[in-house]
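Input: a single structure, listed below in C-alpha cells.
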Amino acid sequence: MITPDPQDTPVFACDPAAIDAEVRSSHLSAAERLLRHDAAEVLELPDGFAFRYGAEQYALVTQFIANERLCCPFFTFTLEVTPAQGPLWLHMTGSDEIKAFIRASFA
C-alpha cells in the first residue's frame, strides 16, 4: 500500500471555475438533485456520508463524480455498484471538516 505524502493532501477549498463554464450550471443542478433530492437513502459514516441511488442513475452519478473531483479535490469518492441492476452507493468521505461541509451543503 502506498502511503500518501501529507504535503500532497488537497487544500480544503472548492474551485467551481475548475469545471468548464459550459457544464458548470448543469453540474451544480446535478449536485443539488443527487445529494438533496434523489438519494433513496442517506447514511452518516464516521468520515462522511453514503447516498443510495437506483441503478438507472449510474451515468448521472459517475458524471457528478468526474466533475466534483475537479472543483473539490479534497473528497474521497467510493462508488459501489451492486449486482443485478441493484442500487448504487456513493460514499463521499474525508476529514471531520469535510464531513461538516457535506452536512451543511447537501445532507
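FYI, it's all coordinate maths here, none of it is from the lab. Just so it is clear, the model here is predicted, and its values are computed rather than measured. Counting neighbours? That spans all protein chains shown, and the Cβs are built from the backbone with ideal geometry, glycine included.
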Spacing of the two label points (7 Å from each Cα toward its C-beta) at Glu44 and Leu60, in nm
2.6 nm
Return the FRET efficiency for the residue pair Val81, Ala13: r is the Cβ-Cβ distance, R0 is 22 Å, and the value is rounded to the nearest 0.05.
0.15
So I have (1) 14.5; (2) 19.7; (3) 13.7, and one of them is Kirkwood radius over Cα pairs in Å calculated from this model. Which one is it?
(1)
